[in-house]
Every structure is written in C-alpha cells, then in structure tokens.
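The values are calculated or read from the model by the stated rules, or taken from the named source; none is laboratory data. Bear in mind that the values here come from a model prediction, so they are computed numbers and not experimental data. Cβ sites come from the backbone with ideal geometry, for glycine too, and all protein chains shown count toward neighbours. Remember, those area values only see protein heavy atoms, side chains included, never the ligands or the DNA or RNA. Shrake-Rupley method; radii C 1.70, N 1.55, O 1.52, S 1.80 Å.
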Amino acid sequence: MKILVTGGLGYIGSHTTAELQSEGFEVVIIDNLSNSSVKVLDGIEAITGKRPIFEKLDLRIKSDVSDFFKRHNDIKGIIHFAAYKAVGESVNEPLMYYENNINSLVYLLQEMKELDQKNFIFSSSCTVYGQADELPITEDAPVKPAESPYGNTKQIGEQIIKDTCYVNTDFNSIALRYFNPIGAHPSAHLGELPIGVPQNLVPYITQTAIGMREQLSVFGDDYPTPDGTCIRDYIHVVDLAKAHVVALNRLLDNKNSTNFEVFNLGTGKGSSVLEAIQSFEKVSKTKLNYKIVGRREGDITAAFADTTKANQILGWQTESSLDDAMDSAWRWEQKIRT
Ligand code: NAD
Ligand code: WQD
C-alpha cells in the first residue's frame, strides 16, 4: 500500500519512513531538500533494506503537486511533515513561514479531493498549548494565542484541516501534537541534522560534547520548578515515528471516531534542563561544559503531555527512556563527526 510522506528526508519524516517500510508500506517521499539531504535515503535503506521512492519537489508549487498526484494516483494515505520549523526564524520571516507551512498544506488537501482514499496525518505541536494552565496537558486544554508565526501555522493548519473535514465527510484526518522529539535511530543510520547553530537543547548538548560548540547556555534557573530550569517532555523520535504508523492504520481501518482527531504524543514525564544534562552525562560518560545564563525570550516554564488518549485510543505507548534517547543522540553525533 502506497503512502506519501512529505518532508520524508527530514528528522521525524525519515524515522517514520523507516518504520512504515518495516511494517510493509510502500513509501513515496516528497522533499525539496530545504532542510535535509538525499543521503538520508541511504540511512533508510540501511535500516529497512529498501529505498523509498523519492521525488524532489517543492510543495509550494501547486502545479508540481498536481502533476505528482497524476503520476501517483494510487496513494492511500498522506503523512504531512514538510514545513519550516524554526521558531525564532519565523518571527523574523513570518511570510516565508506562512507561505510554506500554509500553502503546502492547502495544496495537498486540494489534491486529496481527487484521491479515492482521503487519509491525512498532520504534524502539529505542543506549541499550540503555550503555557498550559494545568499539567499534564490534555488534548482538551485550550489552544493559547501563538507566541510565534511558526506556532500560528500549526494552529491555523489544524483549523484548516478541521474545517475541511467538516464539509468533506469522506476526509479522515489525525493531527498529532508532538512534545519535544529527541534522539536518533538506535542503528545510528538516521538522526537529526541541524543546519547551522542548533536552537534545540539536545543537538546543542551533543555538539558541545563533541567539541563543535564551546559551551551550552542553560537558559535560566529561576523558573518556578524544583531545580529552577524549564521542564519539557522529551520523546524518543523512534517512539514518535511508531505512533504515526499506529495513527495511519487507525485511519486505513476506519477506526477513527470522528473524521478529525487530535492526539498528544509525549512520554507523560517532564524533565528539567539540568535533568536532561545529567542524563546525557551519565550515558555519554562525559562532563558537559555548561553555564547558567538568563532566560530565553518566549520560553514557557513547563510542558508535559497527558498521554492517556494516545495510550488508550491509539493503543500506543513510548518504549524508550530519556537515557535511551540521549544515548542514541550521542552515538549519532559521534558517527556523523567521524
Ligand atoms: P525537518 O526540517 O527535519 O523536516 C522537514 C522536511 O520538510 C525537510 O526535509 C525539508 O527539506 C522539507 N520541506 C520543507 N518545506 C518543504 C516544501 N515546501 N516542499 C517539500 N519539502 C519541504 O523537521 P522535523 O523536525 O522532521 O519536523 C517535521 C514536522 O514536525 C514539521 O511540520 C514540524 O513543524 C513538526 N514538529 C517538529 C518538532 C520538532 O521539535 N522537531 C516538534 C513539533 C512539531
Ligand atoms: C528545550 C529546553 C530551553 C537550548 C521547541 C519549539 C516547539 C517545538 C519543540 C516544534 C528549554 C532549554 C535550549 C539551549 C537551553 N517544536 N535550552 N539551552 O523550546 O521546548 O520547543 O521545540 O513544534 O515549538 O519551540 O525546545 O529544545 O529549544 O528547548 O537551556 O541552548 O532547553 O530553554 O527549556 P522548546 P528546545
């Protein structure tokens, strides 16, 4: 069965492609390589023994998207990862973010009207909750005004899909709200490849440990948390990838209860920045050079998922610990720098 994975050469898309192929799906990837490399195909092939079909294509070009679906009229489901994702960059380049993240989504949904299967999975984010009033965060928590254009694109994206499903009752969609994906494939054939200076914690930690960065700045230790540093829900990227296969099967089997569903994907456990560093130091047996500095603008104090809905309804749960994720991230960093 043929599945389209947009952004399939990116961090989460590549791990999901590997899981899909391992479960017997045939994957077609669309990616414009704006934040990835064709070499990722080698990693997927090394893990699964199969090279996915790859089409270098930019989803912002509507006619190219239309032509793609004429060539591949047997697609049974779409997992849509392709988007720009850097929160800070989106503040400086809002139109670039709206153009890519919104237009790409709309063009795909328009093409889907022609398909005989209308199964669609959307990469959303815990960013839609902002600083939630209650922890852990359930899917019913209110969506807060977005702190960034990037965050807006996820809120608007969900709304676009919801509105589309409302009038097109044959559409079937699931929005997955990821918490903080980290780590790499245990084989070290796939992992995160940040371009430039990483903005996220874990690649910054591993690049510091390998000597590419001098020091990790810990953004604030005066938050109202047990050790003063921010708390997040760090989920192993392979656990996250597996959730996409489960969600896809739910749509393919028509098991969904409404034609637009939302699920949190996290571990349910919050870890502070210092706990993340300790975990890294333990598994890597290295001492990390870090310094406490001032808060980073826009950071929320704490976020972690209530995973009850995904556990009970999807029948999915995480298998890997924070230590497992850190260990895989470290082995990946060592592999790509040698
Ligand atoms: P990524 O940048 O590694 O992957 C995205 C891929 O999409 C890249 O390979 C990029 O080249 C491709 N792409 C971007 N615009 C495109 C376009 N117009 N046409 C074709 N390809 C295009 O990002 P990721 O971390 O794998 O994130 C995947 C999705 O998950 C994104 O939608 C992101 O917003 C969302 N998400 C990510 C995180 C995270 O922390 N990584 C958290 C929550 C949600
Ligand atoms: C984690 C913690 C930082 C870097 C971002 C997006 C969010 C979602 C996930 C896409 C925070 C601290 C970080 C550093 C640090 N992405 N930190 N020093 O901010 O929770 O979420 O990725 O949807 O939308 O905003 O992740 O990895 O940047 O930060 O102390 O050099 O690590 O302050 O507490 P964040 P992050």
Expressed in angstrom and ordered largest first, the alpha-carbon extents of the stretch 148-232 along the principal axes are 53, 39, 23
In whole Å, largest first, the alpha carbons of the stretch 257-338 cover along the principal axes 49, 32, 20
PRE zone check, label point 7 Å out along Cα-to-Cβ of Glu99, amide N under 18 Å, scope the stretch 44-63, hits 57-63
Taking the convex hull of the alpha-carbon atoms of the stretch 199-291 and averaging its shadow over every direction gives an area in square nanometres of 8.1 nm²
Taking the square root of 5λ for each eigenvalue of the C-alpha gyration tensor of the stretch 88-223, the equivalent ellipsoid has semi-axes, largest first and in whole angstrom, of 32, 19, 16
Result for the stretch 214-338: accessible area per residue, probe 1.4 angstrom, in square angstrom, of 47 Å²
The size of the Cβ-based charge dipole (Lys, Arg +1; Asp, Glu -1) of the chain about the Cα centre, to the nearest 20 debye, is 580 debye
Under a 1.4 Å probe, counting only protein heavy atoms, Glu89 has an accessible area in Å², nearest 10, of 80 Å²
Given unit charges at Cβ for Lys, Arg (+) and Asp, Glu (-), the dipole magnitude of the stretch 224-338 about its Cα centre in debye, nearest 20, is 320 debye
Expressed as a percent, the accessible surface of the chain that is carbon or sulfur, using a 1.4 Å probe and the full set of protein chains, is 48 percent
In the stretch 112-172, the trypsin sites (Lys or Arg not before Pro) that sit in a DSSP loop and have at most 15 other Cβ atoms within 10 Å of their own Cβ are Lys113
Counting every C-alpha pair in the chain, the percent lying more than 27 Å apart is 42 percent
Rounded to whole angstrom, the alpha-carbon centroid of the stretch 7-52 lies from that of the stretch 180-249 at a distance of 20 Å
Given Cβ charges of +1 for Lys and Arg and -1 for Asp and Glu, the option among Gln131, Met212, Val293 whose Cα lies farthest towards the positive end of the dipole of the chain is Met212
